[in-house]
1. Can you name the residue in the stretch 26-60 that is part of a loop (DSSP other than H, G, I, E, B) and in contact with a helix residue (DSSP H, G or I) (Cβ under 9 Å, 6 or more places away or on another chain) and is also nearest to residue 73 (Cα to Cα) among such residues?
2. For residues in the stretch 1-46 being out of contact with any Leu (no Cβ under 9 Å at 6 or more places or on another chain), surrounded by 10 or more Cβ atoms within 10 Å (Cβ to Cβ) and of a type in the set (Ser, Thr, Tyr), which is modelled with the highest pLDDT?
3. Looking at the stretch 19-41, which of its residues are within 10 Å of the chain's Cα centre (by Cα) and not hydrophobic (A, V, I, L, M, F, W, C)?
4. Restricting the first residue to the stretch 23-50 and requiring it to be within 9 Å of the ligand (Cβ to nearest atom), which pairs with a second residue that is of a type in the set (Asp, Glu) and part of a loop (DSSP other than H, G, I, E, B) meet a Cβ separation below 7 Å and a spacing of at least six or different chains?
5. Which members of the stretch 54-71 meet the condition of being at pLDDT 80 or above and either under 12 Å from the mean Cα position of the chain (by Cα) or within 7 Å of the ligand (Cβ to nearest atom) (or both)?
Amino acid sequence: MSTRRFGARYGATVRKRVEAIEKKKKARYQCPHCKKEGLEWVAFGIWECKNCGFKMGGAAFEPISDTNAKFLSILEQYKKR
Ligand SMILES: [Zn+2]
């Protein structure tokens, strides 16, 4: 009984974590270059846009971390000038 309960709890935690990572990896994100949803996970921390070929570094399993988002918004403002 106790081993089974432990096993189930452990399994669920790991499964949830893996699922969350897999979802983030498989999901497409908006490309900061062409603004289309073509950004795909290529490798650890590397994202590539299937639409325009734009490559960028990001967080391990998400294309844009908070720091990157701030950096990109600064970059956007800079471009507009
Ligand atoms: Zn693109």
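The values are calculated or read from the model by the stated rules, or taken from the named source; none is laboratory data. This is a predicted model, so every value here is computed, not measured. Glycine gets a Cβ as well: all are built from the backbone with ideal geometry, and neighbour counts include every protein chain shown.
1. Applying the first criterion (part of a loop (DSSP other than H, G, I, E, B)) to the stretch 26-60 yields 27-28, 30-38, 44-45, 50-54, 58-60.
Adding the requirement that they be in contact with a helix residue (DSSP H, G or I) (Cβ under 9 Å, 6 or more places away or on another chain) leaves 32, 58-60.
Numbers: 32: 10, 58: 14, 59: 16, 60: 20 Å.
Result: 32.
2. Here the residue is 13.
3. 22, 23, 24, 25, 26, 28, 29, 40, listed by residue number.
4. 30/37
5. Start the filter on the stretch 54-71 by keeping residues that are at pLDDT 80 or above, which leaves 54-57.
Across the stretch 54-71, the qualifying residues are 54, 56, 57.
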